[in-house]
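> Quick one: the structure is below, and I'll ask about it shortly.
The values are calculated or read from the model by the stated rules, or taken from the named source; none is laboratory data. All values reported here derive from a predicted model rather than from experimental measurement. Heads up, the Cβs are rebuilt from the backbone with ideal geometry, glycines too, and the neighbour counts pull from every protein chain shown.
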Amino acid sequence: MRALLWLSISLRRVRRLCCADLTPYGRVGCSCLCAVISWFLERNRERNLVMSFHFKRHATAVAVSIFLLGFLGSAYAQTLLDVPKPIPTTALNEVTITARPEATGALSAPLQQLSGAALTQRQGSTLGDTLDSLPGVANSAFGPNVGRPVIRGLDGDRIQILQNGGANMDVSGLSFDHAVPIDPLTTERIEILRGPATLLYGSSGLGGVVNVIDNRIAREPAFEAQGGAMGKAELRAGGAADERSTGAMVEAGNDRFALHLDAFDRHTGNLRVPKTMDCTVNGVTTRQTRVCNSSSHTQGGGVGGTLLLDRGYLGLSTSEYRSSYGTVAEPDVTIGMQRRHTVMEGEWREGGALLQALKFQWGHTQYTHTEYPGEQVGTRFDNAGNALRVEARQQARALGQGLQLDGVVGLQREGNRLTAQGAEAFVPSSRTQSSALFTLQTLKTAWGHVSAAARTEGVVVASLDHTDPTRFPTEEKRFTPHSVALGVLRNFRQGEAQNGWQLTSNLGWSQRAPKDYELFANGPHAATGTYEQGDHRSALEKATQFDVGGAWKAGPHAFGVTGFVSRFANYVSLQPTGEFKDASGALVSATSSDRLPVYQYEGVQARFVGLETTAKLRMVGGQQAFWTPNAAHGNLDLELRADMVRADDLTYHRPLPRIAPMRLGADWVWTQAAWGARLGVLYAGAQNRVPHAGDVTTASYTLLNAALNYHTHTGAVHWMVFAKLDNLTNQLAYSATSVLTQTMGTNAPPLAGRSLKLGLQASF
């Protein structure tokens with residue numbers, strides 16, 4: 001109650017002191033935002049969300065942060081009215097990296113990003129599908145509707161997925177058939193972060209951090225004082241799954257207030273593949289070139305409002321995601337998913353001698369995942385979570401000799417409660433709480449910079465009372481993971497064009513607390529076709545990671561290469577026990593008709609070694625082109641990429657499962673005025689390195705893809721028409737990173753067949 005009172009007081013102060021100095025247009029928007037936040041707080045008080053899992057004492061920290069934003073921002077308001085404001089931009093497709101400054105490519109953190117037209121053309125139905133085939137990134141595809149990114153051979157909860165720099169708080173890591181509740185249709189940009197900066201967000205980002213940005217809370221003014229609006233709308237149709245999707249976004253406001261609205265709707269049918277497969281529905285089996293039970297319907301949207309102060313901002317957003325999709329492992333099972341996500345965020349830019357900025361972010365997530373065998377409710381997973389981050393960015397300090405120290409310190413608090421009910425609830429109801437302190441410090445020099453990051457956490461994972469206490473006994477486990485990382489960037493680039501070499505190296509020692517399912521699972525798991533058992537004795541997962549890379553640039557030409565090695569102690573993985581159980585948990589013989597192989601979570605020693613490389617060559621157009629400098633017919637670039645990873649279980653002396661094979665890619669990219677075209681080929685080698693004799697291997701394949709786009713203007717509206725041709729040769733191919741390939745064998749769904757997708761995007 002005290003926290004809510006503090007919040008209300010601070011909001012009244014913001015409205016009374018800050019909103020009074022605005023133009024009538026801005027004053028209305030400011031008051032509306034405060035009213036919305038007040039309504040939200042009252043609603044949460046009634047539903048007791050802020051108090052859940054002992055979160056009320058941390059809500060006080062949120063209240064204090066907002067109070068500081070309101071009080072200090074208003075105190076400076078009069079003196080800062082005459083401070084020149086930055087010239088805002090209204091260019092919808094302009095791309096900047098808005099991850100926290102300490103986590104951008106300016107540090108020794110290798111960063112990949114997708115945005116603008118590149119994101120539009122690569123956009124798939126899932127996050128994993130969208131990022132698939134980027135160097136070092138694969139897709140853990142569970143059919144066409146579920147896919148998480150796999151980075152450098154690591155998947156699941158070793159890849160941390162963020163939304164606008166905050167916790168996503170879903171349970172997609174619990175099972176391969178749980179989708180990530182993020183749709184690329186409303187995504188502005190996707191960033192992949194590695195190196196020391198990953199410790200700002202959690203110890204689970206051993207493979208990397210994927211940050212999905214949607215701009216529902218504006219951080220900077222996009223319009224001048226008189227106000228304005230911008231937006232975009234997109235239509236898509238076609239593809240191997242007969243997709244029909246729409247998405248729209250509108251942003252409006254002025255230099256004091258910003259409003260964001262977005263919505264999307266996506267329908268897909270059963271996926272068309274280059275193979276005839278059995279499909280059994282209501283006891284009737286047919287043969288067809290479609291993956292049975294792979295259709296989906298996904299819809300959602302969000303709204304956000306931001307009060308833009310002279311020295312910061314205060315914003316609130318709420319969004320909803322709904323999806324109904326078939327699970328291809330079970331022809332008669334559909335999954336209904338719903339997530340509600342609310343975020344409050346603010347920043348105070350102090351500009352003093354010690355502190356540059358103070359930022360907080362609070363989020364609440366209510367997630368429900370229901371499995372329907374036929375028309376009845378089968379298994380249901382509910383997850384309620386809260387997350388709080390407070391960051392203090394210190395003022396850059398000159399140390400002499402051309403040295404400058406910059407950095408950030410902060411604290412993070414997360415908690416969630418998972419409830420599992422139903423026949424296939426292979427995990428108990430559980431509660432997970434974590435508290436963390438973190439810092440990233442960067443020493444800038446004349447030749448580059450050195451970065452150092454550290455993170456310490458306290459994690460509590462508890463198995464709660466369950467309907468079957470003999471199967472899921474009540475137990476609480478405590479962990480204290482610590483992680484440190486170092487990074488060095490040596491810059492040899494010179495001149496305005498910044499041509500030359502840039503060398504990076506990162507070294508990290510990380511610890512990860514095991515998840516609830518790794519500790520307490522005990523039941524049949526339909527997604528893997530196994531009986532899974534956790535190990536409540538599991539200790540911290542420990543990793544030592546090292547990578548070194550170089551990037552060269554000369555005008556339009558570029559080249560980059562990175563090698564990495566990761567060594568794990570107590571790498572938590574599913575290991576076969578050689579036993580069989582039925583769905584009730586009773587031991588059965590290997591010949592029993594209802595047998596399920598028993599897999600146990602076990603810590604082993606593991607090693608990952610890999611290489612990633614990219615190159616871009618300007619063949620036609622410009623003075624430095626290899627073939628001809630004549631740009632009359634446009635620019636023609638050759639883009640090359642390659643990656644490989646080798647992963648081994650050192651305890652049992654065998655390969656780790658679901659590792660992507662060596663991949664080689666080449667794309668011819670042509671641009672001229674309003675036109676753009678791409679013709680690409682992707683070769684994936686055979687994956688014969690499997691853990692056990694008799695496990696499914698995947699053959700090599702080559703995919704040929706093409707894309708075409710055209711840009712035009714009608715008044716203030718910018719139009720883009722695009723077409724995608726995928727798998728032109730209708731190649732039969734299987735994913736080595738999909739668990740379905742391993743569990744379903746010849747019945748596993750292959751990659752999509754030949755397809756044509758058309759799209760239209762309008763922006764203003």
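> Can you spot a residue in the stretch 564-571 that is in the same structural domain as Pro657 (by TED's automatic domain parsing) and closer than 15 Å to Asn522 by Cβ?
No, because not a single residue in the stretch 564-571 is in the same structural domain as Pro657 (by TED's automatic domain parsing) and closer than 15 Å to Asn522 by Cβ.
> Could you grab me the full set of residues in the stretch 466-496 that are surrounded by 16 or more Cβ atoms within 10 Å (Cβ to Cβ) and either among the aromatic types (Phe, Trp, Tyr) or not assigned by TED's automatic domain parsing to the domain that holds Thr432 (or both)?
Matches in the stretch 466-496: Phe472, Phe479.
> Follow-up question, since we're still on this one. Which residue out of Gly346, Gly336 is buried (at least 18 other Cβ atoms within 10 Å of the Cβ) and on the phi < 0 side of the Ramachandran plot?
Sole residue among the options that is buried (at least 18 other Cβ atoms within 10 Å of the Cβ) and on the phi < 0 side of the Ramachandran plot: Gly346.
> Here are Asn522, Asn506, Asn499: which of them is assigned by TED's automatic domain parsing to the domain that holds Arg417 and in contact with a helix residue (DSSP H, G or I) (Cβ under 8 Å, 6 or more places away or on another chain)?
Asn506
> In the stretch 194-211, how many residues are hydroxyl-bearing (Ser, Thr, Tyr) and not in a loop (DSSP other than H, G, I, E, B)?
1
> Oh, and also: Could we say that Thr671 is assigned by TED's automatic domain parsing to the domain that holds Ala237, touching an Asp or Glu at 6+ places or on another chain (Cβ under 9 Å) and of a type in the set (Ser, Thr, Tyr) here?
Here the answer is yes, as Thr671 does meet what is asked.
> Out of Ser133, Ser108, I need the residue that is in the same structural domain as Ala233 (by TED's automatic domain parsing), in contact with a Gly (Cβ under 8 Å, 6 or more places away or on another chain) and either modelled with pLDDT under 85 or charged (D, E, K, R) (or both). Which one?
Ser108
> Right, another one. Name every residue in the stretch 658-669 that is buried (at least 20 other Cβ atoms within 10 Å of the Cβ) and more than 23 Å from Met619 (Cβ to Cβ), in order of residue number.
Across the stretch 658-669, the qualifying residues are Arg658, Ile659, Ala660, Pro661.
> Among the residues that make up the stretch 680-692, is at least one of them more than 33 Å from the chain's Cα centre (by Cα), assigned by TED's automatic domain parsing to the domain that holds Arg194 and among the hydroxyl-bearing types (Ser, Thr, Tyr)?
No - not one qualifying residue is present in the stretch 680-692.
> On to the next question. One residue is enough: does the stretch 630-638 have a residue meeting the conditions closer than 19 Å to Lys553 by Cβ and not hydrophobic (A, V, I, L, M, F, W, C)?
yes
> I would also like to ask the following. Out of all the residues in the stretch 203-226, is one or more of a type in the set (Asp, Glu) and at pLDDT 95 or above?
no
> Can you pull out the residues in the stretch 229-238 that are surrounded by 14 or more Cβ atoms within 10 Å (Cβ to Cβ) and within 20 Å of Tyr313 (Cβ to Cβ)?
Within the stretch 229-238, Met230 is the sole residue that qualifies.
> Which condition number in (1) under 22 Å from Tyr571 (Cβ atoms); (2) over 25 Å from the mean Cα position of the chain (by Cα); (3) surrounded by 22 or more Cβ atoms within 10 Å (Cβ to Cβ) is the one that Ser463 fails?
(1)
> Another question about this same structure. I'd like the full set of residues that are under 23 Å from the mean Cα position of the chain (by Cα), surrounded by fewer than 21 Cβ atoms within 10 Å (Cβ to Cβ) and either polar (S, T, N, Q) or not assigned by TED's automatic domain parsing to the domain that holds His369 (or both), limited to the stretch 433-460.
Gln433, Ser435, Thr439, Thr456
> Then there is this: With respect to Ala677, determine if the residue is over 17 Å from Pro274 (Cβ atoms), assigned by TED's automatic domain parsing to the domain that holds Gly578 and in contact (Cβ under 8 Å) with a residue 24 or more places away in the chain.
Spelling it out, Ala677 is indeed over 17 Å from Pro274 (Cβ atoms), assigned by TED's automatic domain parsing to the domain that holds Gly578 and in contact (Cβ under 8 Å) with a residue 24 or more places away in the chain.
> Does at least one position in the stretch 212-235 carry a residue that is in contact (Cβ under 8 Å) with a residue 40 or more places away in the chain, within 21 Å of Ala138 (Cβ to Cβ) and in a strand (DSSP E or B)?
Yes; the residues of the stretch 212-235 include at least one that is in contact (Cβ under 8 Å) with a residue 40 or more places away in the chain, within 21 Å of Ala138 (Cβ to Cβ) and in a strand (DSSP E or B).
> Looking only at strands (runs of 3 or more DSSP E) that lie completely in the stretch 519-617, which have at least 2 residues being touching a strand residue (DSSP E or B) at 6+ places or on another chain (Cβ under 9 Å) and among the basic types (Lys, Arg)?
Strands (runs of 3 or more DSSP E) meeting the threshold: 541-554, 557-581.
> Which of the residues spanning the stretch 300-357 are polar (S, T, N, Q) and either farther than 28 Å from Leu185 by Cβ or outside the structural domain of Asp177 (by TED's automatic domain parsing) (or both)?
Once the filter is applied, which keeps residues that are polar (S, T, N, Q) and either farther than 28 Å from Leu185 by Cβ or outside the structural domain of Asp177 (by TED's automatic domain parsing) (or both), the stretch 300-357 yields only Gln356.
> Which one of Gln433, Gln404 is farther than 29 Å from Trp362 by Cβ and assigned to a strand (DSSP E or B)?
Gln404
> Considering only the stretch 159-193, state which residues are in contact with a helix residue (DSSP H, G or I) (Cβ under 6 Å, 6 or more places away or on another chain) and assigned to a loop (DSSP other than H, G, I, E, B).
Gly173, Leu174, Phe176, Val180, Ile182
> Additional query: For the stretch 599-612, which residues satisfy the criterion of being in contact with a Lys or Arg (Cβ under 7 Å, 6 or more places away or on another chain) and either of a type in the set (Asp, Glu) or surrounded by fewer than 19 Cβ atoms within 10 Å (Cβ to Cβ) (or both)?
Arg607, Val609
> Hey, among the residues in the stretch 252-266 that are among the charged types (D, E, K, R) and within 30 Å of His297 (Cα to Cα), which one's surrounded by the most Cβ atoms within 10 Å (Cβ to Cβ)?
Checking each candidate, the answer is Asp262.
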